[in-house]
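Here is the structure we will look at, set down as structure tokens.
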């Protein structure tokens, strides 16, 4: 299939399914596209837990969001089952040649493993979608191709993984994104406050809540219902496996009020902002800009650990970013720049990472800072697209098995965070985990 033009490929994909199957079966093993040979990707792994992954170094600035919401691109990738607003995936391809890509949806269970549902049970068409909305960057020092994909509607609620993969090799995966589809059948009443534990009151948030399931028949709710609590859209530090503290079957209510910290999150600190929307004038958090370099260099102000200071009330986006510039179209006119971070901190036993949505909420090697023994500080340079960013410095917490910002940035009860409540139900006779409740709670 390597000798076909893009127009020919799109025509083939629009043919009847029987013809598509025949063409792919006969031709796909014969040749490999030139673009595929130049890109890396990673061979698909079976029986795995699906997590957000970037599997090719050419991919940058991944956004997955609910389009048209109140917060637009900062909305979480969580949508109502029959909602009109689509989920959108956007990313940039930095290589010279963009491989021909397809997308597929994987229905997952509560634990983010592939469910037993057949594809025809959760999608209305062939689970093989063209990724063909491509735009070349314009008036930028760093060239790239911007790619946009609108995630198709699903027939079932639940956890989903979106895989972007090579058209000539279905096992070669470039990108994986989680998203959640929910039904509004369980009403959630929540109360977010400081921890009720005396020793954690100054550093932790506590989320108590009550579920009303009068809108759906649930047999044995104590065994059938599972709840996930998230902080700022992070999957690495979710709280789950909570058992209800009280159930009133006559009123169809379940209560989750705890007294031993089971539903506590470390509050952390307000996120550090920086603004690279202008490549001429220093934005928020920018000390100097060097336009003589390609790409343009942005030197952030040298940072001190926030744990050494009192709480500062800073308006933030809870760790997220928005791509934008003052020169034209945000998606294709925003240039990439080299962002230089410096943290005044003695060397620590655990590595220090730049952490937030910009790092996929993960402690990735490419975001690990390097210690300068001469200057006595940590430093790192990252290639990032123009926009407005939030981040914090984080380390790995061996005990919790997740990223921890409190060792560098401290934890303050006044910190503004967003918390998400997701209600999963495995009904008797239903062979998948439905998501029947969703709520965002803000302190």
Go through the residues of region 103-110 one by one and say whether even a single one is free of Cβ contacts under 8 Å to residues at least 40 places away in the same chain and under 30 Å from residue 239 (Cα atoms). no
How many of the residues making up region 219-244 are under 31 Å from the mean Cα position of the chain (by Cα) and outside any strand (DSSP E or B)? 16
If the requirement is being modelled with pLDDT under 95 and on the phi > 0 side of the Ramachandran plot, which of these qualifies: 220, 232? 220
Qualifying residue in region 143-155 (condition: touching a strand residue (DSSP E or B) at 6+ places or on another chain (Cβ under 6 Å), over 28 Å from residue 386 (Cβ atoms) and crowded, with 16+ Cβ neighbours inside 10 Å): yes
Top-ranked residue of region 262-291 - restricted to ones that are assigned to a strand (DSSP E or B) and in contact (Cβ under 8 Å) with a residue 24 or more places away in the chain, ranked as surrounded by the most Cβ atoms within 10 Å (Cβ to Cβ): 265
Residues located in region 337-383, provided they are in contact with a helix residue (DSSP H, G or I) (Cβ under 9 Å, 6 or more places away or on another chain), in a strand (DSSP E or B) and buried (at least 21 other Cβ atoms within 10 Å of the Cβ): 353, 354, 355
When you go through 294, 247 one by one, which is the residue that is touching a residue at least 24 places away in the same chain (Cβ under 8 Å), in the same structural domain as residue 208 (by TED's automatic domain parsing) and either part of a loop (DSSP other than H, G, I, E, B) or over 30 Å from residue 379 (Cβ atoms) (or both)? 247
Here is a list of conditions, (1) free of Cβ contacts under 8 Å to residues at least 60 places away in the same chain; (2) within 18 Å of residue 319 (Cα to Cα); (3) not in a strand (DSSP E or B), and residue 412 meets all of them except one; can you say which number that is? (1)
Somewhere in region 158-177, is a residue more than 25 Å from the chain's Cα centre (by Cα) and either touching a residue at least 12 places away in the same chain (Cβ under 8 Å) or surrounded by 21 or more Cβ atoms within 10 Å (Cβ to Cβ) (or both)? yes
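The values are calculated or read from the model by the stated rules, or taken from the named source; none is laboratory data. Just so you know, these numbers come straight off a predicted model, no measurement behind them. As a convention, Cβ positions derive from the backbone with ideal geometry for all residues, glycine included, and neighbour counts pool all protein chains shown.
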